[in-house]
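Derivation of every value follows stated rules applied to the coordinates shown; laboratory data play no part. Since the structure is predicted, the reported quantities are computational estimates derived from the model, not experimental observations. Positions of Cβ are backbone-derived with ideal geometry, glycine not excepted, and every protein chain shown enters the neighbour counts.
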Amino acid sequence: MQIPTPLIRIIQWTLIAYGIIGIALYYLQDKLVIHPTRLELEDKYSFTYPHKEVNLQYEDNVIFHLVQFTTKDSTPKGVVLYFHGNRENIERYARFAPFFTKEGYEVWMCDYPAFGKSRGEFSEALVYEESIQVYKLARQQFSSDQIIVYGKSLGTGPATYLASKRDCKQLILETPYLSIPDVATHFFWMYPVKQMMQYDFPNKKHILLVDAPITIYHGTNDRVIPYAHAQELYQLQPNRAELVTLPKGTHHNLMKFPLMQDHLKNVLRKQTDIKLESLSLP
């Protein structure tokens, strides 16, 4: 039986399109994973919260830049090491700092290499190293049981890694993922993305090594990182983790929910025995 010529052409063009999209996915994955905005070192930030800037010189061409948001109290309860998402720089996420400083915690936000005032080429290994260096700096001022590690979206990667390598009071994950390839598979299921992606950030591996209490926040309407990722991470550490589900929450609006605000305040105040059962998976 001879295959009709029009059908052959459709198959040919489909294969060509598949190949072109696959090549573009491989070579343009940086633009899919990260969206940094660079700042000059002398640029002034637009936020007005009390803060200090710190530059950690790691290598000749690598600078880890962080902003330390301070509290009104001369003696803070501790510090939140905040690892932000994949867009722009610290300026986008600084609005979340007052929530923690009002609870008596300093907030240290660092920009990843190629973001903001940090310098160097973005890489998974360098992001991990930055988290370790920031932790070392924090330990000069705070004990390990005064350090809370917080990750948002992309930042759940370095946050989970850090908590798997160093002691801390609490690991808090907002809209986390199993791994970058697992997220990519959700959108590009027809490609072997696990072999194509140069980034991994395997939270599903690192979370198994975390000894600190873990709190996970995720919305059921998240269209960027599926809610199922949070469920699976919780199931990997059911005796140590708590999953707080925000019905109808999306990827970007969880901190607007009074429910998350109240629960997070309880975590910061060490009232972790208070459970919001209606929002936590059993």
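Going from the fewest other Cβ atoms within 10 Å to the most, the residues TYR58, TYR49, TYR177 appear in the order TYR49, TYR58, TYR177.
Extending 7 Å from Cα along the Cβ direction at PHE187 and again at ARG95 yields two label points whose distance is 2.3 nm. The residues ILE147, ILE132, when put in order of fewest to most other Cβ atoms within 10 Å, stand as ILE132, ILE147. The shape of segment 68-149 can be summarised by an equivalent ellipsoid whose semi-axes, obtained from the alpha carbon gyration tensor, come to 23, 15, 9 Å from longest to shortest. Normalised by 2.2 N^0.38 Å, where N is the number of residues, the C-alpha radius of gyration of segment 97-207 stands at 1.15.
For segment 130-175, the Cα-based Rg and Dmax, in that order, read 9.8, 30 Å. FRET efficiency for the pair LYS165 and GLN141, taken as 1/(1 + (r/R0)^6) with r the Cβ-Cβ distance and R0 = 22 Å, rounds to 0.70.
Restricting segment 115-171 to GluC sites (Glu not before Pro) that sit in a DSSP loop and have at most 14 other Cβ atoms within 10 Å of their own Cβ leaves GLU121. Legend: calculated FRET efficiency, LYS102 to LYS44, from the Cβ-Cβ distance at R0 = 30 Å, rounded to 0.05, equals 0.80. Fewest neighbouring Cβ atoms within 10 Å first, the residues CYS168, CYS110 line up as CYS168, CYS110. Per the Cα gyration tensor, segment 37-279 maps to an equivalent ellipsoid with semi-axes of 25, 23, 17 Å, ordered largest to smallest.
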